[in-house]
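Peer 1: Below is a structure I'd like to ask you about.
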Amino acid sequence: MDMKKMMKQAQMMQLELSRAQDEIKDMRFTASAGGGMVEATAKGDNTLESIAIHPDAVQMADAEMLQDMVLAAVNEALRGVAAQSEQRLSAVTGGMNIPGLR
């Protein structure tokens with residue numbers, strides 16, 4: 001394989017990675033806990049966009065139970081967005097592990 005062709009392929013991969021990273025920033029993943037009593041939405045940049053707590057959850061749950069439901073929903077949302085991100089990047093890199101990507 002000639003060097004010029006390799007450089008061209010590297011540039012194309014870099015462009016695709018940049019596009020994928022932009023798409024990841026726009027991703028959202030929503031998860032719920034407590035039978036839908038608590039919902040958390042995480043963004044592709046690993047920040048929380050929202051947490052919704054059903055009014056019934058506040059009335060029926062003690063503080064510790066509510067905290068557990070919030071933590072469960074948040075953690076699941078963050079895991080979901082991480083899985084979506086990994087899937088998108090893997091599509092570009094062909095499963096190659098490139099340090100610093102995420």
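No lab work stands behind these numbers, since they all come straight from the coordinates. All of these numbers come straight from a predicted model, not from anything done at the bench. Ideal geometry is used to build each Cβ from the backbone, glycine not excepted, and the neighbour counts take in all protein chains shown.
Peer 1: If R₀ is 41 angstrom, what is the calculated FRET efficiency for the pair Asp68 and Glu23, using the beta carbon separation as r and rounding to 0.05? It would help to have the intermediate numbers written out before the result.
Peer 2: Values: r = 33 Å, r/R0 = 0.80.
After rounding to 0.05, the efficiency reads 0.80.
Peer 1: Where does helix 63-93 land angle-wise versus the long Cα axis of the chain, in degrees 0 to 90, nearest 10?
Peer 2: For 63-93 against the chain, the angle is about 10 degrees.
Peer 1: Using only Cα atoms, find the angle between the long axis of helix 3-26 and the longest principal axis of the chain, and express it within 0 to 90 degrees, rounded to the nearest 10.
Peer 2: With both axes taken from Cα atoms, the answer is about 20 degrees.
Peer 1: Would you be so kind as to identify which of Met12, Leu48, Ala63 lies farthest towards the positive end of the dipole of the chain, taking Lys and Arg as +1 and Asp and Glu as -1 on Cβ and the Cα centre as origin?
Peer 2: It is Met12, whose Cα lies furthest towards the positive end.
Peer 1: Counting Lys and Arg as +1 and Asp and Glu as -1, each charge on the Cβ, what is the dipole of the stretch 3-93 about the Cα centre in debye, to the nearest 20?
Peer 2: Its charge dipole is roughly 940 debye.
Peer 1: Thr30 to Ala10: FRET efficiency via 1/(1 + (r/R0)^6), r the Cβ-Cβ distance, R0 30 Å, to the nearest 0.05? Write down the numbers at each step before the final one.
Peer 2: Working: r = 36 Å, r/R0 = 1.21.
For R0 = 30 Å, the calculated efficiency reads 0.25.
Peer 1: Restricting to DSSP H runs of at least four residues, report the calculated mean residue ellipticity at 222 nm for the chain, -39500 (n - 2.57) per run over all residues, nearest 500 deg cm²/dmol.
Peer 2: Helices in the chain give a 222 nm mean residue ellipticity of -20500 deg cm²/dmol.
Peer 1: Highest mean first, how do 40-46, 88-94 rank when packing is the count of other Cβ atoms within 10 Å averaged over residues?
Peer 2: Descending mean neighbour count gives 40-46, 88-94.
Peer 1: Quick one, which of [x] 14.7, 45; [y] 19.1, 69; [z] 15.0, 49 is the actual Rg and Dmax of the Cα atoms in Å calculated for this model?
Peer 2: Answer label, from the structure shown: [y].
Peer 1: Also: Relative to a virtual label point 7 Å from the Cα of Met60 in the Cα→beta-carbon direction, which members of the stretch 30-50 show backbone nitrogen distances below 19 Å?
Peer 2: Only 32-40 pass the distance filter.
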